[in-house]
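The values are calculated or read from the model by the stated rules, or taken from the named source; none is laboratory data. These numbers were taken from a predicted model, which means no experiment stands behind them. With ideal geometry, Cβ positions are generated from the backbone for all residues, glycine too; neighbour counts draw on all protein chains shown. Accessible surface is based on the protein model in full, side chains and every heavy atom, while ligands, DNA and RNA are left aside. Shrake-Rupley method; radii C 1.70, N 1.55, O 1.52, S 1.80 Å.
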Amino acid sequence: MTRHSQALRAKTGLLLPQLMATTRRLWNSPRLNELYPEYLCMLHSSIRSTVPLMERAVARCRELADDDPVAQALVPYFTRHIREEQGHDEWLRQDLAAIGCDPDEPLRRLPTASVANLVGAQYYWIQHYHPACLLGHIAVLEGNPPSTELVPELMRRTGFPRTGFRTLERHAALDIKHRDELMRTLDEAPLTPELVTAIGLSALHSIDAANNALATVLDAHPAMTTANA
Amino acid sequence: MSFDALKELAAAGHNFKGANPQQLEAISSLSQEEVTLLNSIKQRLDSAEDVVPHGVDAPLSGAFVW
């Protein structure tokens, strides 16, 4: 029998090529120096929801735990993961500062509708269906980490210092470990067929929404200047 | 008649070339809700298809992190 983690990978594999293609368009863009700060701002608007989303999920799990073995099983995973994910929004601000941009810029900007769609759907599913849905979202965002070749190549292409890529560099290593932990959680949780579907739906939505959020970066008309722009 | 995920996906243009038996089993188990979402996304993406450098600089992957 196919494990939950394998099934989820097969499902997401149907849409991931599109997200990977949009990713390549960004990293291969002749406007990469202008777009990289825009990308960091967009990513900040997404990453700053990481811990609050899991806090909401674990709170909902605790509310349901008495009558719901899946919710009960997910409390330790979310609790541990909240600790591991603290402060990543600050890394993005430091990346912006390192390339000569204002680190407060992401806090001033109105978050785009595409990021609200990516993140907001998760609040809805956690609150109005089941907190396990968040596992599909995490599987997408954590399941496709930056390649080890990415940062050296982006440094070469942009001329920005290594300190401007800390978020990508750290996640290239961190997300592999976290992805394995999530896959174990998926396989060990007593998921019902309905929750397997819900997690799949959440993952597929997240790929599409992440793709749209990345596409908005490609369409951006940069307002920021960098140290070497 | 029972729902056939593979048939519905193939009819929408999804390609399963290279999928191994385990992957095909997983895809066959997709629910109607998942297939509907997948097909609606595919339809939108296909209609907006532009020139994408497929296969170029494959090692440069990863943009979204958690």
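Taking each residue of the range A:86-106 that is basic (Lys, Arg) and looking for partners that are assigned to a helix (DSSP H, G or I) and crowded, with 16+ Cβ neighbours inside 10 Å with beta-carbon atoms closer than 9 Å, six or more apart or interchain, yields A:Arg93/A:Leu40; A:Arg93/A:His44; A:Arg93/A:Glu105; A:Arg93/A:Pro106. Restricting attention to the range A:7-50 and to residues that are within 14 Å of A:Ser206 (Cα to Cα) and β-branched (Val, Ile, Thr), the residue that is farthest from the other protein chains (Cβ to nearest Cβ) turns out to be A:Thr12. Considering A:Asp68, A:Asp95, A:Asp104, the condition of being open to solvent by 10 Å² or more (accessible area, probe 1.4 Å) and either at pLDDT below 95 or within 21 Å of A:Thr163 (Cβ to Cβ) (or both) is satisfied by A:Asp104 alone. Only one entry of A:Ala121, A:Ala209 meets the criterion of being surrounded by fewer than 21 Cβ atoms within 10 Å (Cβ to Cβ) and in contact with a Ser or Thr (Cβ under 8 Å, 6 or more places away or on another chain), and that entry is A:Ala121. When the test is whether a residue is polar (S, T, N, Q), surrounded by fewer than 18 Cβ atoms within 10 Å (Cβ to Cβ), part of a loop (DSSP other than H, G, I, E, B) and at pLDDT 80 or above, B:Asn15 passes it. For the range A:157-201, a tally of residues being closer than 15 Å to A:Ala71 by Cβ, outside any helix (DSSP H, G or I) and of a type in the set (Gly, Ala, Ser) returns 1. Within the range A:126-154, the only residue that satisfies the criterion of being open to solvent by 50 Å² or more (accessible area, probe 1.4 Å), assigned to a helix (DSSP H, G or I) and either within 14 Å of chain B (Cβ to nearest Cβ) or touching an Asp or Glu at 6+ places or on another chain (Cβ under 6 Å) (or both) is A:Pro152. The number of residues in the range A:22-53 that are surrounded by fewer than 17 Cβ atoms within 10 Å (Cβ to Cβ) and assigned to a helix (DSSP H, G or I) comes to 2. Residues in the range B:29-42 that are small (Gly, Ala, Ser) and surrounded by 16 or more Cβ atoms within 10 Å (Cβ to Cβ): B:Ser29, B:Ser31. The single condition among (1) assigned to a helix (DSSP H, G or I); (2) away from chain B (no Cβ under 14 Å); (3) of a type outside the set (Lys, Arg) that A:Cys101 does not meet is (1).
Tell me the residue from A:Arg60, A:Arg80 that is closer than 22 Å to A:Ala139 by Cβ, touching a Pro at 6+ places or on another chain (Cβ under 6 Å) and part of a helix (DSSP H, G or I), please. Explain how you work it out, then say what you get.
On the way: A:Arg80 fails: touching a Pro at 6+ places or on another chain (Cβ under 6 Å).
Within the list A:Arg60, A:Arg80, the selection yields A:Arg60.
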